[in-house]
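The values are calculated or read from the model by the stated rules, or taken from the named source; none is laboratory data. All values reported here derive from a predicted model rather than from experimental measurement. Here the Cβ is made from the backbone with ideal geometry for all residues, glycine too, and neighbour counts use every protein chain on show.
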Amino acid sequence: MPSLAPLFAPANIAIIGASERIGSIGRKVYSQLAALPQFQSVIPVNPNHKTIGGQKSYASISDAAAECPLDLAIIVLSADKLAGIIREAVKIKLRHLVLINELDSAPTTWRNKLDRAIEAARKAKINLIALPSNSLAELFKQPENIPKACAYIGQSTSIADCVASYAQERDITFSRFLTLNTHNYPVSTGQIIDHIAAENSSTALLVHISTLNDNLRELISALHAAARRKPVVVLITLHDANPQAEALLLQALERQHILVAHTLEQFFSAAKLIHTGIISRGKRIAIISNSPQISTLTLKTLRRKTDLTLAEPQAHTIRSIAKYLPYKPSHHNPLYLPTDALPATFQAAASQYLQDDHIDAIFIIYTGQNTAESQQVAQMVSALQKNSRKPLLLVWLGSADTPQVRALFNQRKTLHFKQPESAIQALAQLNLYHRHNQQRHQIQPPHNYTPAAHTADELHKHIRPLIPVAILPATRMGSNALLAALNLSHSHDTPVLQLTWARQEPIGQTLTLTTAHHSISLLPPIQPTTLAHALAQLQLPPEPWQDWLLNTSEILARLPEIHDLTLHLTSPSHHHSIKLNLQDPNSFSGCPNILAPIPPFQQTLTLRNGETAILRSVRSEDATLIQQLIQAQSEHSRYTRFMSKASEAPPALLAQLANPDYQRDHALILHTDSPRPAPLAHANYIADPNPQSCEFGILIDDSLQGQGIGQQLMHQLIAHAKAQGHNLMRAEILSDNHPMQKLALKLGFTLNKHPHDNGLVEAKLHLL
C-alpha cells in the first residue's frame, strides 16, 4: 500500500503542457498552482516556450529534474501522450503523476492507448491519477488549514456541479471537494478515500460512484474502514452497468452497513444532515403545524414512503402544552396551531416535545403571511436546536420562506427544508443510518465450518490433477467427486431449487438460488442471517436447507479450481442434474471478489496436555466464541489486553474483533477440536486510518500462558501483514505487562516509552 502523501503534499511540481495561450487549460493550471503558497517550485514544461509566466520553461521533465528534484508532474496533454511521459518518468524515478482530464470518461479513440499507458504505470509502480482541472486546488489543500467539515469524493463533473450548487445555496462547506476520472488508474478511488478519511478535518464522507472500472474490493474496503470512524453516504449512478451488477454492488455496500442514497434529493439531504451533525434517536416523530392541509400531505408521504411513525406524546407533555393553547386540540400529533398563533406558542410546543422521551424527532411546518412573525418563530425554534441533539426539522413554506429566514437557518446550521416531503426523506435517511450502525454490531448465529473445510481440502487433492489448462467441462469423475463431497445422490424428482456458482464481471463470484418464482444472488462469504433472509424470500424452509447451503458455499469458496457450477436440486441430499466447469486458477485472471474472502487457513496444533486444537481465520459467526474467551479470563488478563476490567466486550468492540476486513485486517482464533468448540486464544491486527500500518492485539486463555501459543500466533500475524503490504505493525502495551513486552522483543519489535502516557510502552516492528 504505497503512501499517497507526495501526491497530496508535493514540494516541487512540474506542469507538462503549461502554456501562455489565453484560454488554454495549460495556462489555467499553471496560473492556479503558481499562486498557491505551499510549493517550493512550480516548473513549466513545454518545448514550444522559452518562458511561461516569467519562469524558465523546460523541453522535458528530464531537463527539469536535472535542475530540481521533482515530487510530482501534472500532465496537461491529451491521453495519447501519456505512454511516452510514463517512460520518461521511470528513467528519472518520478513516482507521482496527475493527468488533467476534463471529461467524465475517456473517448473511445483514446481507450486502448490509455489502457496500455495505465498498465505501464502500474508495472512501474507509478502513482497515476486523473482529475479535472478544478479539483487540483482541492488535491493540494493543506489539512492543518482546512476547517472541519464533510468531504466530497465523486466520479462525475456534472454530479459534482449539482452538489456544489446545492451546498452553496445552504452555506454548506466541505473540507475537500474532489472529482476523480476513473479508468482503472493505479491510484484508485479507494486509496483516495483512505487518505481523506484519515484527515482529522474530514468529519464525514459523501461519495459518488459512477463506474465499476475501479478496483471494487479496494473501494468497498475503504468505505467500510471509513464508516467505522465517521458517517459515509454513497450515491450510485451506473449508466453503463447491467442491473444485476448494480444490485450486487448495493448488496456489498449493505453488507458493510454503508448508507446508500438512491436519488439526488436523498444525497443532498444526507449532506445537510451530516453538515448539521444531528444523530437519529429513533423513528417516532411529532408534527407541529399551522397548516392542516400541508400536514395531511406530509402524513401521506410519511406512511407511503418511509417506516417512520407518529409518536404518542406523554400525558405530562400534553398538560404542559395546554397552558399555551387558546383551545383544547382534538389530538396532539399532529398538533395544529392557528395561523395567528404567537411565536412563543411554537417555541413552547417544540420545547415540550423535545423533552418528551416518547418522541424521537420533531417537524415544524410553518406557513403564513406575517413576515416579521415568521422570522421571530424561526429565531425561537432554531435556538432550541442548539441545546438538543434530538432532530428538529423546520419546513418554512410560501411567503414565510424569506431570504432572512434562510440566512438565519444556514448561519445556525439548522435543519430546514422548502418542502415537507424533503424533510421526511431526510429524517428517513437519518433513521436508516442509525439502523445501519446498530446492524454493524449484529452477532451472527454460530456455525461449525470445520467439516466443510476438511471436505474442501480432500476434494482439492482429488480434482487438482484433473484440472485442464483452460476452462473446460469437468469429467464425469470430477463431477462425481464433487457430488460425493456435497453428499448428493441422483433423483428423478422435479427440482425445487437451482444453485448456480459463477463469476460475474466485475463483481466476482456469486451464489444464485433460483426457484420457480424467485431468484436471489448472494455474495460470498455467505452469512447465516443473509442466507436465512434469502430462504424466507424463496419460501424454502430453513431446515434442512440452511446448514447444507452454508457448508456448500464454504466448500465452493475454498476451491478456486471451480470456475462455475449449476445444480438442479430436489432436496439438500438429491440432485437432478449438474453442470461443472473447472479451471486452472493460476492461469485465470478474472476479477477478484468484491468482498474479501475469508482466508482458508486452518492448522491443527497439539497442546502440551496432548489435546489438539484448531487455529483458523476468524469469521463473523465467531463473535460468541470470542465473547466466551473474554468472559473466561481473569480481570488482570482482560485489563492487559483491552485496558478494561469489564467482564465482556461491548457490542462495537466485539463486532470489530469478529468481523475483520480481510482486504486490510486479519484475525485468528484458536479453539478445541470438538463438535462444540471452546475458545482458547484470539489474535488480530486492524489497519490504521492510514492503511500502511496496523495495530495488533492478542488474548490467550489463562490456562495456556507460557506454552508458546502467543509466539505462534504472532508469527502468523506478521507473515500475513507483510503479504498485505503493511509497512509497520504496532501496539500499545501496558508498562507492567512484562510477558507481552518480552514476546515483542523476541519477535524483533522495538520498545519505547509512550510520548503521552507513562503507563504505556509503544511496540513497533518495521515489516518492509
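Descriptive notes on the structure:
- No other residue among LEU625, LEU653 is in the same structural domain as ALA719 (by TED's automatic domain parsing) and under 22 Å from the mean Cα position of the chain (by Cα) apart from LEU653.
- Every residue from region 289-299 that is farther than 20 Å from ASN431 by Cα and not hydroxyl-bearing (Ser, Thr, Tyr): ASN290, PRO292, GLN293, ILE294, LEU297
- Among the numbered conditions (1) in contact (Cβ under 8 Å) with a residue 24 or more places away in the chain; (2) closer than 17 Å to TRP396 by Cα, the only one that THR345 does not meet is (1).
- Residues that are in contact (Cβ under 8 Å) with a residue 60 or more places away in the chain, of a type outside the set (Gly, Ala, Ser) and within 18 Å of THR367 (Cα to Cα) within region 284-310 comprise ILE287, ILE288, ASN290, ILE294, LEU297, THR298, listed in sequence order.
- Of the residues ASN586, ASN593, the single one that is free of Cβ contacts under 8 Å to residues at least 12 places away in the same chain and either surrounded by fewer than 17 Cβ atoms within 10 Å (Cβ to Cβ) or assigned to a loop (DSSP other than H, G, I, E, B) (or both) is ASN586.
- When residues of region 377-436 are limited to those that are among the hydroxyl-bearing types (Ser, Thr, Tyr) and farther than 18 Å from TYR366 by Cα, the one surrounded by the most Cβ atoms within 10 Å (Cβ to Cβ): TYR433
- Residue in region 163-172 that is within 21 Å of VAL98 (Cα to Cα) and surrounded by fewer than 23 Cβ atoms within 10 Å (Cβ to Cβ) present: no
- Applying the criterion of at least 1 residues that are within 30 Å of HIS726 (Cβ to Cβ) to the strands (runs of 3 or more DSSP E) found wholly in region 1-108 leaves 12-16, 72-75, 96-100.
- Of all residue pairs spaced 6 or more apart or on separate chains, those with beta-carbon atoms under 6 Å, a first member in region 697-714 that is within 20 Å of LEU657 (Cβ to Cβ) and a second member that is of a type in the set (A, V, I, L, M, F, W, C) and part of a loop (DSSP other than H, G, I, E, B) are MET714/LEU747.
- Screening the candidates ALA383, ALA428, ALA452, ALA456 for the property of being in contact (Cβ under 8 Å) with a residue 40 or more places away in the chain, among the small types (Gly, Ala, Ser), assigned to a helix (DSSP H, G or I) and over 30 Å from VAL618 (Cα atoms) yields one hit, ALA428.
- Answer residue from region 481-525, given it is hydrophobic (A, V, I, L, M, F, W, C), assigned to a loop (DSSP other than H, G, I, E, B) and surrounded by 18 or more Cβ atoms within 10 Å (Cβ to Cβ) and is modelled with the highest pLDDT among those: LEU523
- Region 311-329 residues that are in the same structural domain as ILE359 (by TED's automatic domain parsing) and crowded, with 18+ Cβ neighbours inside 10 Å, paired with ones that are among the charged types (D, E, K, R) and not in a helix (DSSP H, G or I) (beta carbon under 8 Å, 6 or more apart): ALA311/ARG284; ALA311/ASP356; ALA311/ASP360; PRO313/ASP356; THR317/ASP356
- Count of residues meeting criterion [more than 25 Å from the chain's Cα centre (by Cα), within 15 Å of ARG641 (Cβ to Cβ) and of a type in the set (A, V, I, L, M, F, W, C)] in region 697-746: 12
- In region 667-676, the qualifying residues are those that are without any contact (Cβ under 8 Å) to a residue 60 or more places away in the chain and not in a strand (DSSP E or B), and the one that is surrounded by the fewest Cβ atoms within 10 Å (Cβ to Cβ) is ARG676.
- Search result, residues across region 233-275 that are small (Gly, Ala, Ser) and either without any contact (Cβ under 8 Å) to a residue 60 or more places away in the chain or part of a helix (DSSP H, G or I) (or both): ALA241, ALA245, ALA247, ALA252, SER269, ALA270, ALA271
- Test: residue in region 292-310 that is in a loop (DSSP other than H, G, I, E, B) and crowded, with 17+ Cβ neighbours inside 10 Å: yes
- Residue among PRO691, PRO679 that is of a type outside the set (D, E, K, R), surrounded by 19 or more Cβ atoms within 10 Å (Cβ to Cβ) and closer than 22 Å to GLU218 by Cβ: PRO691
- Any chance ALA160 is closer than 30 Å to GLN411 by Cβ, touching a Ser or Thr at 6+ places or on another chain (Cβ under 6 Å) and not assigned by TED's automatic domain parsing to the domain that holds THR402: yes
- Only listed residue being basic (Lys, Arg), in contact with an Asp or Glu (Cβ under 8 Å, 6 or more places away or on another chain) and either in contact (Cβ under 8 Å) with a residue 24 or more places away in the chain or outside any loop (DSSP other than H, G, I, E, B) (or both), chosen from ARG664, ARG730: ARG730
- Condition check for ILE288: out of contact with any Cys (no Cβ under 9 Å at 6 or more places or on another chain) and assigned to a strand (DSSP E or B): yes
- Subset of region 107-148 [within 24 Å of the chain's Cα centre (by Cα), crowded, with 19+ Cβ neighbours inside 10 Å and of a type in the set (A, V, I, L, M)]: LEU128, ILE129, ALA130, LEU131, LEU139
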